[in-house]
Amino acid sequence: MTLSVVADRPALPAEWDAAWASSPSATYFQSRSWSLAWERGTGGRISTAGRLLTLSNGESVVVPMSLERRAAGLLQVARLSAGDTYGGWLVPSQSSDVSACVLDWLRRTYSSLTLIGNPHANDAEIARLATRMTTTRVLDLRVDRQRLLAARTSRNSRSERRAERAGVVIERVANGKPWSDYFALYLETRERWGAQARTFHSRALLEAIGASGSGAELWLARKGDEALAGAICLADRRGLSYWHGASSVAGRGLGASHLLFATVIRDAHARGLERFDFLGSGDLAGVDQFKMSFGAVPLNVAVLVVASRMVQIARRLQGAWSWRR
């Protein structure tokens, strides 16, 4: 049966929250909390715009969405997850008919949109229409502790022990505490990456994410009062996703990041979560190697990008300006 959208309107907060809670494959990136954090952290440049669709079979579907305004509001891009993280509609079970219907509606409604498919939903329709494919690195936590530890490389294990001998300790920063130590680490990391650092996340955005709810976790590796490495992870009902990380030169020498992630992964395993998703690494080959050292395996991620002519021109101009700088 071919489905169609017979009505659409803004999703009410309670509707979005309920749909996210009942969707077995939903990640934190599809939650209203994530979208609101970006709205607050960008001063409204990226706004929360989730929709509730009514389909011709009577089914209702919540589509998490954020709208990004550019060029003084003249250009608008619909992003199915703020920050171009995992997106997709929230349903109790996957259906190719529903996916085809929603994708058709999205492409007819928005001249410019970006959808990074949720790889844990296994939506074949998004993969079929994808403009490109990328990968994430995922660690299966549905194994016993011994198998989890055995998946690491020997170098990874040695780095963890070196950090422990050096007196590095790991802490999860309590919700509500300032993230200033982490932001300082992030600025140092970004400077070290140089031209490879293609994006910048403001302190306001990071702190808005930290205040977005109990699912947002900041973990720090410290030696005394000095912060050596940090990771922002985001929890949903079934998994933990690593979204953002930073480290100092001193921390890298001590193996602080290895101890940090080993601790976070063991904690997620002890909590009964099913997966630890490292997310993609872009062009940072060293970062990708680090993720694989924990035993994480690649998982395909479908990317669908539709850009209006005006947005295409704006992106070319932005790229030229970045190159000249």
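The values are calculated or read from the model by the stated rules, or taken from the named source; none is laboratory data. Computed from a prediction, not measured in an experiment: that's the story for all the values here. Heads up, the Cβs are rebuilt from the backbone with ideal geometry, glycines too, and the neighbour counts pull from every protein chain shown. Just so you know, the surface numbers come from the protein's heavy atoms only, side chains and all, with ligands and any DNA or RNA stripped out. Shrake-Rupley method; radii C 1.70, N 1.55, O 1.52, S 1.80 Å.
Here are the numbers for this structure:
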quantity	calculated
Verdict on Leu75 being in contact with a helix residue (DSSP H, G or I) (Cβ under 6 Å, 6 or more places away or on another chain), surrounded by fewer than 21 Cβ atoms within 10 Å (Cβ to Cβ) and more than 29 Å from Asp288 (Cβ to Cβ)	yes
Residues (out of contact with any strand residue (DSSP E or B) (no Cβ under 7 Å at 6 or more places or on another chain), among the charged types (D, E, K, R) and in a loop (DSSP other than H, G, I, E, B)) located in segment 6-60	Glu59
Count - residues of segment 233-273 that are in contact with a helix residue (DSSP H, G or I) (Cβ under 7 Å, 6 or more places away or on another chain) and in a strand (DSSP E or B)	7
Selected residue (only one of Leu284, Leu273, Leu317 is more than 18 Å from Gln196 (Cβ to Cβ) and at pLDDT below 95)	Leu317
Residues within segment 210-250 that are farther than 27 Å from Arg40 by Cβ, free of Cβ contacts under 8 Å to residues at least 40 places away in the same chain and open to solvent by less than 10 Å² (accessible area, probe 1.4 Å), tallied	0
Flag if Ala270 is more than 22 Å from Gln30 (Cα to Cα), more than 17 Å from the chain's Cα centre (by Cα) and open to solvent by less than 10 Å² (accessible area, probe 1.4 Å)	no
Per-region count, segment 131-184, residues polar (S, T, N, Q), within 28 Å of Leu206 (Cα to Cα) and not in a helix (DSSP H, G or I)	4
Residue that is touching a residue at least 12 places away in the same chain (Cβ under 8 Å) and either farther than 16 Å from Thr263 by Cα or surrounded by fewer than 15 Cβ atoms within 10 Å (Cβ to Cβ) (or both), where the choices are Arg192, Arg147, Arg152	Arg192
Test: Val138 is modelled with pLDDT of 95 or more and within 14 Å of Gly295 (Cβ to Cβ)	yes
Residues of segment 85-97 classified as in a strand (DSSP E or B) and either open to solvent by 20 Å² or more (accessible area, probe 1.4 Å) or of a type outside the set (Ser, Thr, Tyr) (or both), total	2
Verdict on Ala100 being hydrophobic (A, V, I, L, M, F, W, C), open to solvent by 20 Å² or more (accessible area, probe 1.4 Å), touching a residue at least 60 places away in the same chain (Cβ under 8 Å) and on the phi < 0 side of the Ramachandran plot	yes
Yes/no for Ile116 being open to solvent by less than 30 Å² (accessible area, probe 1.4 Å), in contact (Cβ under 8 Å) with a residue 60 or more places away in the chain and in a strand (DSSP E or B)	yes
Filtered residues of segment 274-306 (kept if open to solvent by less than 40 Å² (accessible area, probe 1.4 Å), in contact with a strand residue (DSSP E or B) (Cβ under 8 Å, 6 or more places away or on another chain), small (Gly, Ala, Ser) and not in a strand (DSSP E or B))	Ser281, Gly295, Ala296
Counted residues, segment 8-33 - those being open to solvent by less than 20 Å² (accessible area, probe 1.4 Å) and under 16 Å from the mean Cα position of the chain (by Cα)	7
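Matching residues to (1) within 17 Å of the chain's Cα centre (by Cα); (2) open to solvent by 60 Å² or more (accessible area, probe 1.4 Å); (3) of a type in the set (Val, Ile, Thr):
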site: Thr42; (1), (2), (3): yes, no, yes
site: Leu52; (1), (2), (3): no, no, no
site: Arg69; (1), (2), (3): no, yes, no
site: Gly83; (1), (2), (3): yes, no, no
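Listed here are the residues, each with its yes/no results for (1) β-branched (Val, Ile, Thr); (2) under 30 Å from Glu191 (Cα atoms); (3) modelled with pLDDT under 95.
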residue: Ser241; (1), (2), (3): no, yes, no
residue: Ser257; (1), (2), (3): no, yes, no
residue: Leu260; (1), (2), (3): no, yes, no
residue: Thr263; (1), (2), (3): yes, yes, no
residue: Val306; (1), (2), (3): yes, no, yes
